[in-house]
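Here's the structure, in structure tokens; my notes come after.
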Amino acid sequence: MELYQFTLKQAQEFLAKDPDRRGELIAALSNRLKIVDPKVKAYVNFDSKRVELQKDGRKKSPLSGVPISIKDNIVTQDWETTCASKILKGFIPPYDATVVRKLREAGAVIFGKCNMDEFAFGSSCETSCFGPTHNPWNLDYVPGGSSGGSAAAVASDIAIAALGSDTGGSIRQPASFCGVVGLKPTYGRVSRYGLVAFGSSLDQIGPITKTVEDCAMIMNVLAGHDERDSTSANVPAPDYTSFLSKDVKGLKIGLPKEYFVKGLDPEVEKMVRQAAKVFQDLGATCVEVNLPHMKYAVAVYYIVAVAEASSNLGRFDGVQYGFRHESTNLRDMYFETRDQGFGAEAKRRILLGTFVLSAGYYDAYYLKGLKVRTLIKQDFDQAFQKVDLILGPTAPTPPFKIGEKINDPLSMYLSDIYTISANLAGVPAMSIPCGFSDKGLPVGVQLTAKPFGESTIFRAASAYEQTTKWYEKKPNL
Amino acid sequence: MSQKINIDQIAELARLSLKPNEQAKLSKDLEEILAYVDQLQELKTDSVQPTSHVLPIENVFRKDSRKPSEVREAVLKYAPKSEGKFFKVPKIIEGA
């Protein structure tokens with residue numbers, strides 16, 4: 001086994017035994033990156049000198065010497081953070097995001113910054129100003145998005161583990177498309193301080209990893225209250241690794257009737273139903289549940305998320321950071337900086353958000369959206385009175401081709417149909433690999449729990465992973 | 001209630017100087033998305049409370065205490081334009 005193939009757990013054990021070999025691990029990963037990344041294009045910023053500088057950090061910490069990659073919308077001190085947008089090129093943050101600070105304090109080496117859809121607006125990594133990331137399982141296909149760079153890096157063995165962010169599925173859908181594990185924690189579970197804001201009531205940072213165990217190890221570092229994020233929850237975080245390798249006997253799993261409808265690819269449906277069967281064989285009970293307002297989730301999202309995005313992106317005006325279009329006239333500077341700095345999808349969402357918040361349309365769109373959000377949240381509350389977990393597809397299809405949906409925004413938006421509702425309701429959800437399509441492309445199954453129910457997800461996901469071992473299969477690169 | 005949108009007005013509010021070739025495509029996209037969103041109108045929501053935030057958190061306060069902030073130099077160093085302690089922008093007041 002090559003060192004770059006290590007899971008986080010294996011890397012941790014390797015370095016705990018022999019801390020002086022940390023340089024070797026980093027070199028192995030850097031060399032692999034130099035060969036593989038020109039094909040996959042998962043990184044937007046990698047600098048081996050910067051990585052070298054960190055390698056003599058704390059020696060007796062839980063992630064001591066372990067390299068971890070970061071999505072480029074999470075700020076890293078003195079290290080350019082662009083959100084894959086021209087408007088932020090040249091922005092050097094003066095501070096670390098709380099999650100980055102916590103990883104460093106746990107001994108981790110921040111390895112590189114990963115590609116993404118511009119400002120996390122997209123489901124394919126194609127809206128990046130740096131150009132698309134490619135799916136490591138077939139380079140003609142998208143890796144999913146928006147955290148496509150993070151997921152592709154982990155799947156290609158050019159990252160031991162990575163952080164992503166998820167506003168409507170941006171961790172889980174790329175995890176599904178790349179055959180890795182991705183968790184969107186409960187809203188408030190992980191601090192958003194230092195995450196460049198997209199939809200502030202929906203955004204969460206979470207891990208993208210090779211295994212469920214790795215995911216739990218990173219959550220142990222990330223979870224917890226942060227006084228710098230007033231929306232972070234003051235709820236104690238358990239040791240997530242203590243829920244691994246427990247059985248699922250007696251666990252009640254709900255399959256929403258509304259998930260298995262037209263639009264769901266038959267191959268995906270088959271694999272997801274097989275996953276449910278695996279849980280039954282392991283001693284869990286599967287029952288049908290109802291999420292009657294599920295079909296409205298995408299419509300609500302494209303009101304609420306874009307409204308929040310349009311106000312969050314108001315700060316990009318060429319004054320304080322990144323790109324500025326020089327002009328002698330202030331108004332012209334604002335308008336031209338924004339028109340030249342933002343890509344097409346960012347403009348689409350800013351305009352849509354501005355529209356739904358504008359006088360005369362606020363009640364019909366924004367307020368209506370917030371009300372239906374309540375109904376979607378109530379659906380989950382009711383379902384979780386009957387079951388411990390909800391099981392369904394992560395994405396309606398296996399990965400699609402680069403270029404296939406980029407000119408049809410609505411069809412792109414619908415690729416998040418199964419992930420968006422978890423953000424609207426604030427509940428935690430994980431995608432784990434559940435097989436491969438006929439074309440050899442990965443497919444993920446999604447497990448959703450009630451708020452702060454990550455431990456139940458870890459328990460079930462680890463039992464499933466140990467039985468199926470999909471993570472043993474690797475792409476040919 | 002499929003919506004015709006006034007793209008010039010929205011772009012003005014959003015501080016975007018859209019080029020003519022962008023305007024047509026963006027208005028078409030927006031109208032299509034709004035037509036999709038219109039399915040929400042079939043739901044009766046008169047008695048439903050809106051959810052703007054999922055956690056039951058309100059008005060989080062911290063102590064108003066003084067702490068040193070040492071980021072000014074780092075912030076200004078990478079600003080598009082600065083002078084002394086300030087961000088520099090084009091002149092705002094006419095004739096000044």
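Tallying residues that are surrounded by fewer than 23 Cβ atoms within 10 Å (Cβ to Cβ) and within 18 Å of A:VAL51 (Cβ to Cβ) within region A:77-92 yields 5.
Which residue, of A:PHE335, A:PHE323, is surrounded by 17 or more Cβ atoms within 10 Å (Cβ to Cβ) and outside any helix (DSSP H, G or I)? Only one candidate qualifies: A:PHE323. Does A:SER310 fit the bill of being surrounded by fewer than 24 Cβ atoms within 10 Å (Cβ to Cβ) and within 21 Å of B:LEU30 (Cβ to Cβ)? Yes: the conditions hold for A:SER310.
Per-residue answers, yes or no, for (1) in contact with a helix residue (DSSP H, G or I) (Cβ under 8 Å, 6 or more places away or on another chain); (2) within 28 Å of A:THR374 (Cβ to Cβ); (3) modelled with pLDDT under 95:
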| residue | (1), (2), (3) |
| --- | --- |
| A:ASN220 | yes, no, no |
| A:SER245 | yes, no, yes |
| A:LEU251 | yes, no, no |
| A:PHE279 | yes, no, no |
| A:LYS295 | yes, yes, no |
| A:VAL298 | yes, yes, no |
| A:TYR301 | yes, yes, no |
| A:GLU308 | yes, yes, no |
| A:GLY314 | no, yes, no |
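Figure legend. Inter-residue proximity from region B:73-84: first residues within 7 Å of chain A (Cβ to nearest Cβ), second residues assigned to a strand (DSSP E or B), beta-carbon distance below 6 Å, spacing 6+ or different chains. Indicated pairs: B:ALA79/B:PHE87. Out of A:PRO174, A:PRO238, A:PRO266, one residue alone is at pLDDT 95 or above, in contact with a Gly (Cβ under 6 Å, 6 or more places away or on another chain) and not charged (D, E, K, R). It is A:PRO174. Based on this model, can you work out whether A:PHE46 counts as of a type in the set (A, V, I, L, M, F, W, C) and over 22 Å from the mean Cα position of the chain (by Cα)? No, not satisfied.
Here A:GLY322 clears all of (1) over 24 Å from the mean Cα position of the chain (by Cα); (2) on the phi < 0 side of the Ramachandran plot except the condition numbered (2). When B:GLU12 is tested against (1) modelled with pLDDT of 95 or more; (2) at the interface with chain A (Cβ under 7 Å from one of its Cβ atoms); (3) over 29 Å from A:SER421 (Cα atoms), just one condition goes unmet, and that condition is (2). Among the residues of region A:318-347, the one identified as touching a Phe, Trp or Tyr at 6+ places or on another chain (Cβ under 9 Å), more than 7 Å from chain B (Cβ to nearest Cβ) and free of Cβ contacts under 8 Å to residues at least 40 places away in the same chain is A:HIS325. I want to confirm something. Restricting to region A:93-130 and keeping residues that are among the aromatic types (Phe, Trp, Tyr) and not in a loop (DSSP other than H, G, I, E, B), which single residue is surrounded by the fewest Cβ atoms within 10 Å (Cβ to Cβ)? Among residues in region A:93-130 that are among the aromatic types (Phe, Trp, Tyr) and not in a loop (DSSP other than H, G, I, E, B), the one surrounded by the fewest Cβ atoms within 10 Å (Cβ to Cβ) is A:PHE111. Going residue by residue through region A:371-379, is there one that turns out to be in contact with a helix residue (DSSP H, G or I) (Cβ under 6 Å, 6 or more places away or on another chain) and more than 9 Å from chain B (Cβ to nearest Cβ)? No: zero hits. Among the residues of region B:62-72, the one identified as surrounded by 10 or more Cβ atoms within 10 Å (Cβ to Cβ) and either more than 10 Å from every other protein chain (Cβ to nearest Cβ) or among the β-branched types (Val, Ile, Thr) (or both) is B:VAL71. Test A:GLY360 against the criterion of being modelled with pLDDT of 95 or more and not acidic (Asp, Glu), and give yes or no. It is false that A:GLY360 is modelled with pLDDT of 95 or more and not acidic (Asp, Glu).
Exactly one residue among A:LYS371, A:LYS377 is part of a helix (DSSP H, G or I), over 24 Å from the mean Cα position of the chain (by Cα) and at pLDDT 95 or above, and that residue is A:LYS371. Before we move on, is A:LEU352 farther than 26 Å from B:LYS88 by Cα, under 24 Å from the mean Cα position of the chain (by Cα), facing chain B (nearest Cβ under 7 Å) and not hydroxyl-bearing (Ser, Thr, Tyr)? Yes; evaluated as a whole, the condition is true for this residue. A:ALA383: within 20 Å of the chain's Cα centre (by Cα) and either closer than 26 Å to A:GLN274 by Cα or surrounded by fewer than 20 Cβ atoms within 10 Å (Cβ to Cβ) (or both), yes or no? Considered against the rule, which asks whether it is within 20 Å of the chain's Cα centre (by Cα) and either closer than 26 Å to A:GLN274 by Cα or surrounded by fewer than 20 Cβ atoms within 10 Å (Cβ to Cβ) (or both), A:ALA383 comes out as no. Scanning region B:50-80 for residues that are of a type outside the set (S, T, N, Q), more than 22 Å from A:ILE376 (Cβ to Cβ) and within 26 Å of the chain's Cα centre (by Cα) gives B:VAL60, B:PHE61, B:VAL71, B:ARG72, B:ALA74, B:VAL75, B:LEU76, B:LYS77, B:TYR78, B:ALA79, B:PRO80.
Residues in region A:86-101: is at least one away from chain B (no Cβ under 14 Å), at negative phi and either in contact with a Cys (Cβ under 7 Å, 6 or more places away or on another chain) or at pLDDT below 95 (or both)? Scanning region A:86-101 turns up no residue that is away from chain B (no Cβ under 14 Å), at negative phi and either in contact with a Cys (Cβ under 7 Å, 6 or more places away or on another chain) or at pLDDT below 95 (or both).
When the residues of region A:398-445 are filtered to those that are of a type in the set (A, V, I, L, M), assigned to a loop (DSSP other than H, G, I, E, B) and under 18 Å from the mean Cα position of the chain (by Cα), the one that is farthest from the other protein chains (Cβ to nearest Cβ) is A:ILE417. Is it true that A:VAL306 is assigned to a helix (DSSP H, G or I), under 22 Å from the mean Cα position of the chain (by Cα) and more than 7 Å from chain B (Cβ to nearest Cβ)? Yes, satisfied.
The values are calculated or read from the model by the stated rules, or taken from the named source; none is laboratory data. Quick caveat: nothing in here was measured; it's all calculated off a predicted structure. So basically every Cβ, Gly included, is an ideal-geometry build from the backbone, and we count neighbours across all protein chains shown.
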